[in-house]
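The values are calculated or read from the model by the stated rules, or taken from the named source; none is laboratory data. Since the structure is predicted, the reported quantities are computational estimates derived from the model, not experimental observations. Cβ: placed from backbone, ideal geometry, glycine included. Neighbour counts: every protein chain shown.
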Amino acid sequence: MNHQLTWDEFSKVEMRVGTIISAEVFEEVRNPAYKLIIDFGEYGTRITSAQITKLYQPEDVVGKQVVAVINFPPKQIANMMSECLVLGGVGDNKEVTLLTTERAVKNGTRIG
């Protein structure tokens with residue numbers, strides 16, 4: 001059985017919408033991934049790594065709005081400090097489908 005979160009615990013997870021402004025192959029990592037720079041509006045731009053190479057090319061994701069957790073501590077990934085966690089659904093073959101918005105919203109919009 002999964003641990004059930006309290007509403008207070010869930011409210012501490014800061015999920016926000018951002019627009020991917022840059023995407024490139026992240027050559028220094030073991031598992032195929034892209035290095036992304038995401039604009040979260042008033043929350044600034046953040047860099048991260050995303051293992052989304054099975055379904056997306058870098059040019060496909062630039063301009064796409066995604067949902068990410070922005071209040072995790074920075075995490076070292078190869079030679080980069082990841083500053084957020086992009087959310088997606090993981091399929092049977094470990095392909096990741098990005099979690100996006102149905103229509104454009106302001107960068108930094110909170111999910112919850």
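Could you tell me which of the residues VAL13, VAL29, VAL90 is surrounded by 15 or more Cβ atoms within 10 Å (Cβ to Cβ) and at negative phi?
That would be VAL29, the only listed residue that is surrounded by 15 or more Cβ atoms within 10 Å (Cβ to Cβ) and at negative phi.
Provide a single number: the residues in the stretch 16-26 that are more than 23 Å from GLU102 (Cα to Cα), surrounded by 15 or more Cβ atoms within 10 Å (Cβ to Cβ) and either in contact with a Pro (Cβ under 7 Å, 6 or more places away or on another chain) or basic (Lys, Arg) (or both).
0
Of the residues THR45, THR53, which is in contact with a strand residue (DSSP E or B) (Cβ under 6 Å, 6 or more places away or on another chain) and either loosely packed, with under 15 Cβ neighbours inside 10 Å or among the polar types (S, T, N, Q) (or both)?
THR45
Suppose we filter GLU102, GLU59, GLU95 for residues that are surrounded by 14 or more Cβ atoms within 10 Å (Cβ to Cβ), more than 14 Å from the chain's Cα centre (by Cα) and charged (D, E, K, R); which single one remains?
GLU95
Taking ILE70 as the residue in question, decide whether it is at pLDDT 95 or above and either under 12 Å from GLY18 (Cβ atoms) or small (Gly, Ala, Ser) (or both).
The answer is yes for ILE70.
For the stretch 55-81, name all the residues that are polar (S, T, N, Q) and not in a loop (DSSP other than H, G, I, E, B).
The answer is GLN65, GLN76.
Among the numbered criteria (1) of a type outside the set (Val, Ile, Thr); (2) farther than 21 Å from THR109 by Cβ; (3) at pLDDT below 95, which one does PHE26 miss?
(3) is the only condition that PHE26 fails.
Do the conditions hold for ARG103, that is, is it modelled with pLDDT of 95 or more, of a type in the set (D, E, K, R) and in a loop (DSSP other than H, G, I, E, B)?
yes
Per-residue answers, yes or no, for (1) without any contact (Cβ under 8 Å) to a residue 12 or more places away in the chain; (2) of a type in the set (Asp, Glu); (3) more than 21 Å from GLU14 (Cα to Cα):
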residue	(1), (2), (3)
GLN65	no, no, no
VAL69	no, no, no
LYS75	yes, no, no
LEU85	no, no, no
ASP92	yes, yes, yes
GLU95	no, yes, yes
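Matching residues to (1) touching a residue at least 40 places away in the same chain (Cβ under 8 Å); (2) within 12 Å of the chain's Cα centre (by Cα); (3) in a loop (DSSP other than H, G, I, E, B):
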| residue | (1), (2), (3) |
| --- | --- |
| VAL17 | yes, yes, no |
| PRO32 | no, no, yes |
| ILE37 | no, yes, no |
| THR53 | no, no, yes |
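Looking at (1) closer than 18 Å to THR109 by Cβ; (2) of a type outside the set (Lys, Arg); (3) in contact with a Phe, Trp or Tyr (Cβ under 9 Å, 6 or more places away or on another chain), find the lone condition where ILE52 falls short.
In the conditions (1) closer than 18 Å to THR109 by Cβ; (2) of a type outside the set (Lys, Arg); (3) in contact with a Phe, Trp or Tyr (Cβ under 9 Å, 6 or more places away or on another chain), ILE52 misses (1) alone.
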